[in-house]
1. So, in the stretch 236-291, exactly how many residues are over 22 Å from the mean Cα position of the chain (by Cα), β-branched (Val, Ile, Thr) and surrounded by 24 or more Cβ atoms within 10 Å (Cβ to Cβ)?
2. Return a yes/no flag: does the stretch 177-195 have any residue that is acidic (Asp, Glu), over 19 Å from ALA15 (Cβ atoms), in contact with a Gly (Cβ under 7 Å, 6 or more places away or on another chain) and in contact (Cβ under 8 Å) with a residue 60 or more places away in the chain.
3. Tell me, which residue of the stretch 25-44 that is surrounded by fewer than 21 Cβ atoms within 10 Å (Cβ to Cβ) and not charged (D, E, K, R) is nearest to VAL458 (Cα to Cα)?
4. Residues to consider are GLU311, GLU322, GLU344; find the one that is in a loop (DSSP other than H, G, I, E, B) and either charged (D, E, K, R) or touching a Gly at 6+ places or on another chain (Cβ under 6 Å) (or both).
5. Before we move on, is THR446 more than 21 Å from THR510 (Cβ to Cβ), assigned to a loop (DSSP other than H, G, I, E, B), outside the structural domain of ALA53 (by TED's automatic domain parsing) and among the hydroxyl-bearing types (Ser, Thr, Tyr)?
6. Having 3 or more residues that are free of Cβ contacts under 8 Å to residues at least 60 places away in the same chain and under 20 Å from VAL423 (Cα atoms) is the bar; report the strands (runs of 3 or more DSSP E) wholly within the stretch 1-100 that clear it.
7. Testing ALA189 on (1) among the hydrophobic types (A, V, I, L, M, F, W, C); (2) in contact with a strand residue (DSSP E or B) (Cβ under 8 Å, 6 or more places away or on another chain); (3) over 19 Å from PHE284 (Cα atoms), one condition comes back false. Which one is that?
8. Output yes when any residue across the stretch 305-315 is surrounded by 14 or more Cβ atoms within 10 Å (Cβ to Cβ), over 21 Å from LEU196 (Cβ atoms) and in contact (Cβ under 8 Å) with a residue 40 or more places away in the chain, and no when none is.
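The values are calculated or read from the model by the stated rules, or taken from the named source; none is laboratory data. Quick caveat, the model's predicted, so the values are computed rather than measured. Cβ: placed from backbone, ideal geometry, glycine included. Neighbour counts: every protein chain shown.
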Amino acid sequence: MTRSAAHVLAASLEAHGVDTAYCVPGESYLPLTDALIDFPKIKLVVCRHEGGAGFMAVAHARLRNEPGVCIISRGPGAMNAAIALHVAYHDAEPLIFLVGQADRDELGRMTLQEMNYSRAFADTTKMVIEVIDQSTISEAIARAFHVAQSGTPGPVVVVLPEDLLYGPCDAEVLGPRKRAVTAPTPEDAAAALSMLRQAERPLVIAGGRLHGPAALADLTTFAEQFMLPVATPQRRFHCFDSRHPNSAGRLINRAPGELLDVMKECDLLLVLGERIGPSMSQGFTFPRAPVPDQPMIHVWPDPAEVGRVFEPALGLGCDPHEFIKAMLAAGSDGTSPSRAAWVERLNGAHRSVMTWKPVSANDGVVFGHVVAAINEHLTADAVVTTDAGNFSSWPARYLHLGQENMFIGATVGAMGPGVPSGVAAGLSTPGRQIVVFVGDGGAMMTGNELATAVQYGVPIKIFVANNSAYGTIRMHQARSFPGRVTSTALQNPDFAAWGEAFGAKGYLITAESQVAEVVAEAMAHDGPAVIETRISLNHISPSARIDEIEAR
């Protein structure tokens, strides 16, 4: 019996190891949803908004270090999900975006929901593949998975005309192509080893391309054997245990000055598996662009990226784990004896910064109290996700994480990924504790994916930081236009009741005295929960207050 192109497409996804795909159903790809019935190993997760489905696929990629798959209908559906392409592109996460298209004989007539995806997504994808012949559909899938994972990972869009999916297809089902993993050349490895051994005050920044237990364990061994302090960049906090004596802290957005000042005394920067964006680099000042103030070794899997913005003393377009393996094989012989004191000094600054010193406010609960309480109940392998907003600076500064944890947040700063990422965590790595930090703004953007969590039995814990404002914009407003408040106040629902309406357990914190008991009860609850905290707007972050900003 002749198979349909949709059946070959589903078989190709299975051949590439796909076991979960996220979608909002649409008529433009109905043959594919029908075909997937015959592939029970693939769970098709039905979401409530295309943006939520896209965020789930990106989070899946981060959790599993494999392409996330999002299936979306044409036109409006694709544009709703476009935010996920932007996140995946900037965050360097592999994403396969299967999007419907109008029938081939109607293209060019401005038919219903027709779009030119090559133009629309030219700036936010690695490639747009338009399938125009049934016989190439499996080849297109194989190419998409290969490109999404090669070099700098990122999103690939595969465009599927509706009539093509109904058509017959006798093409061979293709599996994954072997991905090239590059190691440093002997010359580069020797140069890096010499720089590492000679440096008296080196600093390692370990980023998201170091993924999985083997790579992270080798990173820890590397730090210990070479006496290296290790810092983590914005929203990649799990890459190195914050309680390890070699931990040098976090290069979060607007990092604390008392930690940053010590970091800047380094005489060598080794950036491993981090592209170096504006948040980590403190607005391209550390390292300074385009020429850093310190000698810098930059290790990233794509040679085109190394040297694109910064001029490193040594740039290596290779897998960062392979680099670590090469350094461990060579050994640390000859490192400076002053290293131990340097590591201890940085670690001391980091521990001081991460120590929660309770503070109170008269306009709500300071969110640090909640984060400190969560520290007491977070499991060793918990997944923590966060939305964008100044509320996220509290867990970024005070929440302890180890290498068995996973911290997920859009480094590009998109609002909306918090709740969908938590749902994806429960579906793609079941059995783990899932903690979500989201503001009142982000909760009302994609918090509706709580319905997906309830539908699929994901025991997500959503901590809503409610200050009735778009807090980050309010902070910038205070800085740039003091005393002129506009467009940032929000009228919110009762989020505890909102959670109950979805079928989750609702909790409300309005005073510091409630924090410990409510957090303990919510974390022990065996199902999904929404924990709303009425937080202080004035205490906008651990290092800033609105009244002080306006006074300046």
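1. Result for the stretch 236-291: 0.
2. As a first pass, look at the stretch 177-195 and keep what is acidic (Asp, Glu): 187-188.
Those still in the list that are over 19 Å from ALA15 (Cβ atoms) too: 187-188.
When the remaining residues are screened for being in contact with a Gly (Cβ under 7 Å, 6 or more places away or on another chain), the result is none.
Looking for residues that are acidic (Asp, Glu), over 19 Å from ALA15 (Cβ atoms), in contact with a Gly (Cβ under 7 Å, 6 or more places away or on another chain) and in contact (Cβ under 8 Å) with a residue 60 or more places away in the chain, one finds none in the stretch 177-195, hence no.
3. The first filter runs over the stretch 25-44 and keeps only residues surrounded by fewer than 21 Cβ atoms within 10 Å (Cβ to Cβ), leaving 25, 27, 30, 33-34, 37-44.
Applying the additional criterion that residues be not charged (D, E, K, R) yields 25, 30, 33, 37, 39-40, 42, 44.
Values: PRO25: 21, LEU30: 27, THR33: 23, ILE37: 23, PHE39: 23, PRO40: 20, ILE42: 18, LEU44: 15 Å.
Filtering first and then ranking leaves LEU44.
4. Working: GLU322 fails: in a loop (DSSP other than H, G, I, E, B); GLU344 fails: in a loop (DSSP other than H, G, I, E, B).
When all the criteria are applied, what remains is GLU311.
5. Details: more than 21 Å from THR510 (Cβ to Cβ): yes; assigned to a loop (DSSP other than H, G, I, E, B): no; outside the structural domain of ALA53 (by TED's automatic domain parsing): yes; among the hydroxyl-bearing types (Ser, Thr, Tyr): yes.
The answer is no for THR446.
6. Details: elements: 20-23, 43-46, 68-72.
Output list reads 68-72.
7. Answer for ALA189: the failing condition is (2).
8. yes
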